[in-house]
Amino acid sequence: MAHSAAAAAAAAAARRSPAASGRSLANHRRKRAAAAVLLLLCALGAAAASSGAAGGSGGGGGRGSSGGSGFTTGSQPQRSAADVAADAALWRWLEEGGAVLKFAPGYSAGGVRGGYATEGIPKGGLVASIPMRLVFRFPSDWKSFVSLGEHLASEAARADSPYRPYFDSLPSLADCRRALSWESFPPEYMHLLGGAAPLAERVLTMQAATLRYWSRHGLRLMEAGIGLERLRGALVTITTRWYQGPHEGRSERPAMALIPAYDMLNHRNGCPVHYDFEPCAHGAPAAAGETCCVVRTGEAIPSGAEVCNSYNHLSPDLALFHYGFELPSPPPGAAAQPGGGAAGPPGGGAAGPAGGGAAGPPGGGGALPPLSIIDARGFEPADLRRAHHDAPARFEGAPWAMAHERARLTETLRLLRATQPAAERTRPAPGDARGEVLRMVLAWRRGRAEAIEAEVARLGAAIAAAGGGARGKPGGEL
């Protein structure tokens, strides 16, 4: 998982705790490496069997995607021998460096990369223990978000970087188009954000800040071998993958960090997997007293099941435009959550390939499709830059207030419906040769309209049940 510089993403508080930790035997590494290689070989075989098929989309992650969850754009296949080899090299580097990993890279039936349990993990059990020396940390006194991109791009440009195996497994670091985020959103698709001004403004603000930084520092960066696209790739990687790291020195804010392997896990709203910084797990082949990023699960995960991750609660627009993936459809019969949508599958599984939100009967049972956060009552632009622990609450109030809210959403829906035919005529941008970004943005527009329609119906039913009709506020104000 990773985040933009202003959005917190860790569910657990980050802290440093020194203590002794034991070394494991050599067969510990061999066992983990064998499990990882087995899953990787299976993934490679599946890739060969499905070559030529269109890549899957949504909810999946790692290489060829944004953060732990995303997609692949451009002409490259979603999974390839090079991708699998990079994952295998990453796992060797992690385990030789003292990491304990109870999951390994794998692919879903839709071709989405994620992490799959190599053994059954009980509730409260260890998922991973990753020594801090393997975690890439940013300076806590950073001046601007773009300067963080320079910091990462500079380290990635070093052929002898100790993080080389990790960097080689991050496709967006070399090509920002491999992951969708504010920084990589194609300008040819800006018209598709008509009626979504806060999203458009966020894209323009982020991209303008990069160009402004480049105008001031580009010549210096070029001398160091860092071009504009490399800088953008670093920014996309940070936006979609960063975590809060432990506090360092006298800084009042925790450092930002990229956590190898953990950032491969796919997001799921309500995922009980969490991390903290503490003494390395017992049996980990790490130095005595070393601090690790220790990951545990709040529910049992069967062997072979996908392990999820949590970026806190994501609405459809934040999931797509910040992290580059689509939220999955609610499972059949799923219980509705306060803000719409549904809890994910039990057993720690992650979000799978998305197909858009499925609405229950308007005003009736089942899970309502989740509203985009820009459509929530009381939305503020800052909501796109901060963490959300829960879904926005469905609006309830006096009949006149609900009628006012219904009228607001009805107008938004009208504009969406009226402009959708023109939106559907959009052709893929040059940097989106396979049209995957276009497909996802159009699907988001359709899903947004369906969610608003369901909310309008819910409000209408609530107004009728209250016996309020569409009467205005006392005093004639609506």
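Here are some notes:
- Within the stretch 100-121, being of a type in the set (A, V, I, L, M, F, W, C) and outside any strand (DSSP E or B) holds for A109, V112.
- Tally, over the stretch 301-316, of residues that are surrounded by fewer than 24 Cβ atoms within 10 Å (Cβ to Cβ) and either among the polar types (S, T, N, Q) or closer than 28 Å to A393 by Cα (or both): 3
- Residues (surrounded by fewer than 18 Cβ atoms within 10 Å (Cβ to Cβ) and either part of a helix (DSSP H, G or I) or of a type in the set (D, E, K, R) (or both)) located in the stretch 153-193: S154, E155, R158, D160, R164, A174, P187, E188, M190, H191
- Within the stretch 138-158, the residues that satisfy the criterion of being modelled with pLDDT under 95 and touching an Asp or Glu at 6+ places or on another chain (Cβ under 9 Å) are P139, S140.
- Index of the failed condition, R212 passing every other in (1) in contact with a helix residue (DSSP H, G or I) (Cβ under 6 Å, 6 or more places away or on another chain); (2) farther than 30 Å from R425 by Cβ; (3) in a helix (DSSP H, G or I): (1)
- The number of residues in the stretch 150-165 being closer than 18 Å to I259 by Cβ and either touching a Leu at 6+ places or on another chain (Cβ under 7 Å) or acidic (D, E) (or both) comes to 3.
- The conditions of being of a type in the set (D, E, K, R), surrounded by fewer than 17 Cβ atoms within 10 Å (Cβ to Cβ) and either touching a residue at least 12 places away in the same chain (Cβ under 8 Å) or within 16 Å of F185 (Cβ to Cβ) (or both) are not met by E436.
- Cross-chain or 6+ apart pairs with Cβ under 7 Å, the stretch 302-316 first and more than 17 Å from A391 (Cα to Cα) and at pLDDT 95 or above, then surrounded by fewer than 24 Cβ atoms within 10 Å (Cβ to Cβ) and among the acidic types (D, E): S303/E119
- Subset of the stretch 426-463 [part of a helix (DSSP H, G or I), touching a Gly at 6+ places or on another chain (Cβ under 9 Å) and of a type in the set (A, V, I, L, M, F, W, C)]: V437, M440, A443, W444, A451, A454, A457, L459, A461, A462, I463
- Selection count where residues are assigned to a loop (DSSP other than H, G, I, E, B), closer than 22 Å to G227 by Cβ and out of contact with any strand residue (DSSP E or B) (no Cβ under 6 Å at 6 or more places or on another chain), scope the stretch 129-152: 3
- Selection from the stretch 118-133 of residues that are buried (at least 23 other Cβ atoms within 10 Å of the Cβ) and of a type in the set (A, V, I, L, M, F, W, C): I121, V127, A128, I130
- Yes/no for V441 being in contact with a helix residue (DSSP H, G or I) (Cβ under 6 Å, 6 or more places away or on another chain), closer than 21 Å to A391 by Cβ and crowded, with 18+ Cβ neighbours inside 10 Å: no
- Failed item in (1) at pLDDT below 85; (2) crowded, with 22+ Cβ neighbours inside 10 Å, with L94 passing the rest: (1)
- Here the stretch 100-121 is the region considered, the condition is being closer than 20 Å to E278 by Cα and more than 23 Å from the chain's Cα centre (by Cα), and the residue that is modelled with the highest pLDDT is I121.
The values are calculated or read from the model by the stated rules, or taken from the named source; none is laboratory data. Model, not experiment: these values are computed from the prediction. Heads up, the Cβs are rebuilt from the backbone with ideal geometry, glycines too, and the neighbour counts pull from every protein chain shown.
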